[in-house]
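The values are calculated or read from the model by the stated rules, or taken from the named source; none is laboratory data. Please read these numbers as outputs of a predicted model, since none were measured by experiment. So basically every Cβ, Gly included, is an ideal-geometry build from the backbone, and we count neighbours across all protein chains shown. What goes into the accessible areas is simple: the full protein's heavy atoms, side chains included, and nothing from ligands, DNA or RNA. Shrake-Rupley method; radii C 1.70, N 1.55, O 1.52, S 1.80 Å.
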Amino acid sequence: MTHHDHDRRECRSLFEQLSEYMDGELRESACSRFDEHFRDCPRCEQFVEQMRKAVRLVEGMPCPKLPDEVRRALLASAEALDDSANPS
Amino acid sequence: MDNAELLRKIRDDEPGAFEAFVDRFGDRIYGFGVRMCGEREDARDVAQDTLLQAYRSLKKLKHPEALRSWVFRVVSNACLMKRRKGNYQTNREIPLEDLMPGESEDFSAAIPDPAPGADEELVLSETREAVRAAIDLLPPHYRMVLMLRDMEHFSTREASEILDIPESTVKMRLHRARLMVRGELAGSEAGNGQR
């Protein structure tokens with residue numbers, strides 16, 4: 001069977017669970033269904049590869065730094081709170 | 001210092017405990033705020049409110065292993081409150097059918113490789129900009145789940161507890177968010193000659 005004549009309903013059905021498959025959250029039998037499908041459907045396999053890359057790119061995004069002035073203001077607020085809670 | 005030690009210092013009101021808490025969570029909370037609230041001013045408010053509010057109430061937290069989840073529960077709620085004050089958007093779920101790729105779409109087209117070499121700084125910078133834009137385009141309730149799962153690496157169960165939604169909803173929203181980001185990145189490559 002080529003990817004041109006296989007049952008597209010299987011593509012649709014697996015499409016729904018793709019993220020769970022990628023995250024290893026499916027049972028072994030469900031994973032095997034994906035692996036078997038990919039042997040007949042290079043299109044779905046390429047799609048999963050694109051999804052994996054997209055997830056890796058999101059995972060690799062750098063985190064913005066807390067601006068110094070916000071950090072300073074926070075530490076000052078905490079100090080003021082401490083002072084009001086424990087007046088000397 | 002691990003979370004158990006940090007929590008002990010906070011409970012005991014040790015000098016420097018708040019500073020250590022800000023060092024541990026400040027960047028992550030600010031980053032979460034920037035991506036959820038969009039505007040830097042709102043993100044600053046969220047970071048300030050959240051860190052102070054979380055710090056004050058952490059003394060009641062019994063389990064150190066729940067520290068990180070607890071902090072993100074506070075920040076998620078703060079972001080949702082900011083959203084409610086701004087433009088109201090319902091948490092409509094997008095039908096999966098709407099996110100299915102077209103029959104003619106070419107999946108062999110390259111989304112840029114996430115691990116470019118040092119001589120590809122420009123590509124890396126452009127790629128990150130495209131990813132940032134794709135994340136910004138997500139509906140907020142999808143963006144929040146994507147950030148908790150794929151950026152903060154919480155489990156499905158943890159994300160469901162943080163957001164107080166069923167695990168099935170976390171999975172559904174994560175899948176749709178990833179599909180939308182992939183679609184944007186594949187589309188963003190279409191126009192710049194790299195396909």
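Quick one: in segment B:56-73, which of the residues that are modelled with pLDDT under 85 and within 14 Å of chain A (Cβ to nearest Cβ) is farthest from A:GLU69 (Cα to Cα)? Residue satisfying both the conditions and the ranking: B:LYS59. Would you check which residues across segment B:122-148 are open to solvent by 30 Å² or more (accessible area, probe 1.4 Å), facing another protein chain (nearest Cβ under 10 Å) and closer than 18 Å to B:GLY33 by Cβ and list them? Result: B:ARG132, single match. Residues in segment B:150-178 that are among the hydroxyl-bearing types (Ser, Thr, Tyr) and assigned to a helix (DSSP H, G or I): B:THR156, B:SER160, B:SER168, B:THR169. For segment B:166-189, residues that are within 17 Å of B:PRO139 (Cβ to Cβ) and among the acidic types (Asp, Glu) total 1.
The residue of segment A:64-80 that is farthest from B:LEU124 (Cα to Cα), among those that are among the aliphatic types (A, V, I, L, M) and more than 7 Å from chain B (Cβ to nearest Cβ), is A:ALA80.
Every condition in (1) modelled with pLDDT of 85 or more; (2) not in a loop (DSSP other than H, G, I, E, B) holds for B:VAL123 except the one numbered (1).
Among the residues of segment B:18-46, those that are among the aliphatic types (A, V, I, L, M) and in contact (Cβ under 8 Å) with a residue 24 or more places away in the chain comprise B:VAL22, B:ILE29, B:MET36, B:VAL46.
Quick one: is A:MET61 within 29 Å of B:THR127 (Cα to Cα), touching a Ser or Thr at 6+ places or on another chain (Cβ under 9 Å) and at the interface with another protein chain (Cβ under 8 Å from one of its Cβ atoms)?
Details: within 29 Å of B:THR127 (Cα to Cα): yes; touching a Ser or Thr at 6+ places or on another chain (Cβ under 9 Å): no; at the interface with another protein chain (Cβ under 8 Å from one of its Cβ atoms): yes.
Taking the combined requirement at face value, the residue does not satisfy it.
The set of residues in segment B:165-195 that are open to solvent by 20 Å² or more (accessible area, probe 1.4 Å) and either at pLDDT 95 or above or facing chain A (nearest Cβ under 8 Å) (or both) comprises B:ILE165, B:PRO166, B:GLU167, B:SER168, B:THR169, B:LYS171, B:MET172, B:ARG173, B:ARG176, B:MET180.
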